[in-house]
Amino acid sequence: MTAAALTHTAGPTGPTVALRHLLTMARRSLLRMVRYPSLTVLLVVTPIILLLLFVYVFGGAIGAGVAPGVVPGAAGRAAYLDYITPAVLVMTAASIAQSTAISVAMDMTGGVVTRLRAMPVASVAVLGGHVVGALVQTLLASGAVLGVAALLGFRPAADLVGWVALLGFFTLLAVMLTWISVAMGAAAGSVETASNTPMVLLLLPFLSSGFVPVETMPAAVRVFAEHQPFTPVIETIRGLLVGQPAPTSTTIAAVAWCVGLSVLGWWWARRSYRRQRA
């Protein structure tokens, strides 16, 4: 890869050189999709299996609960498919984020970062390349999951403006999850730690409105579900997909969570990288 490419672009520092380094590192991150196809397939197949499991095993019964008036059975499964698809899309992004944390930890503990520090490489490119690569993977994997949902009968009602808004918001979500996972990977002392820490990103959607309405939860759990990031995020995605945007307060909360956590993840990752550097 990249040693030759980065050395070739070395020279006077500046935005152009930093951008070249960033793109080179992003290309390196994306090449993992080709070099480790089994991992790439696993990251896509796991959310699809989750979608099939919930729709065809639990959907007939649960669908009648999330859509009042729906009769359990085939109608319930169809209703639950519409309800659960946004949550599975978020789970897909979280799965890519976990893989990114592991990749960052491998670089931090395996000597790759040490080697890059000995080269005139823009520091923003070292971790930023993982972010760009993960963002591309997230969009591709989410598109595949959405395609499978459509084959199962999911019919989004979003118009062109809604699709553009959905793409923009989902990109923001992916950036947030990726920066948080990059920070976790950079701060981890081992690859094993990096593989476990991001599990919280996979667990929190289950404690949100992603799989069942929060109104059905016990009081204490409901309070937590209503005030954690993934509930407004999923409600915003759900509203954009069905062509009925979520309340303005919900959308503002979702964007605020994504922007705030993105900044936190960037700061945490930068701090961990500099501490390792010292």
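Coordinate-derived values only; no laboratory data. Fair warning: this is a prediction, and the values are worked out from it, not measured in the lab. Here the Cβ is made from the backbone with ideal geometry for all residues, glycine too, and neighbour counts use every protein chain on show.
List of remarks:
- Charge context of residue 137, other residues only, Cβ under 15 angstrom, K/R +1, D/E -1: +4
- Options 56, 76, 190, ranked by Cα towards positive dipole end of the chain, top entry (Cβ charges): 190
- Sites residue 256 and residue 206, calculated FRET efficiency, Cβ-Cβ separation with R0 35 Å, nearest 0.05: 0.95
- Taking a ≥ b ≥ c as the square roots of the eigenvalues of the Cα gyration tensor, an a/c ratio of 1.5 or more together with a/b no larger than b/c marks the range 132-258 as oblate.
- Among 96, 237, 49, the largest mean-square fluctuation in a Gaussian network model of the chain, built with springs joining Cα atoms closer than 10 Å, belongs to 49.
- Computed 3J(HN,Hα) for the range 174-181, one whole-Hz value per residue from the Karplus formula 6.51 cos²θ - 1.76 cosθ + 1.60 where θ = phi - 60°, is 4, 4, 4, 4, 5, 5, 4, 5, glycine and proline marked x.
- Global form of the chain, assessed from the alpha-carbon gyration tensor, a/c cut-off 1.5: prolate
- Angle between the chain longest axis and helix 248-277 axis [Cα atoms, degrees, rounded to 10]: 30
- For the range 72-83, backbone phi angles converted through the Karplus equation (6.51, -1.76, 1.60; θ = phi - 60°) give residue-by-residue couplings of x, x, 4, 5, x, 5, 5, 5, 6, 4, 4, 6 Hz, Gly and Pro being listed as x.
- Helix-only [θ]222 nm of the chain, DSSP H runs n ≥ 4, -39500 (n - 2.57) each, per residue, nearest 500: -26000 deg cm²/dmol
- Largest GNM mean-square fluctuation across 137, 228, 98, computed for the chain with C-alpha springs under 10 Å, falls on 228.
- Using Cβ point charges alone (K and R +1, D and E -1), the dipole size of the chain about the Cα centre works out to roughly 1060 debye.
- Options 220, 237, 66, ranked by Cα towards positive dipole end of the chain, top entry (Cβ charges): 237
- Computed from Cα positions, the angle between helix 15-35 and the longest principal axis of the chain comes to roughly 60 degrees.
- Estimated inter-spin distance, residue 190 and residue 61, nm [label 7 Å along Cα→Cβ]: 4.0
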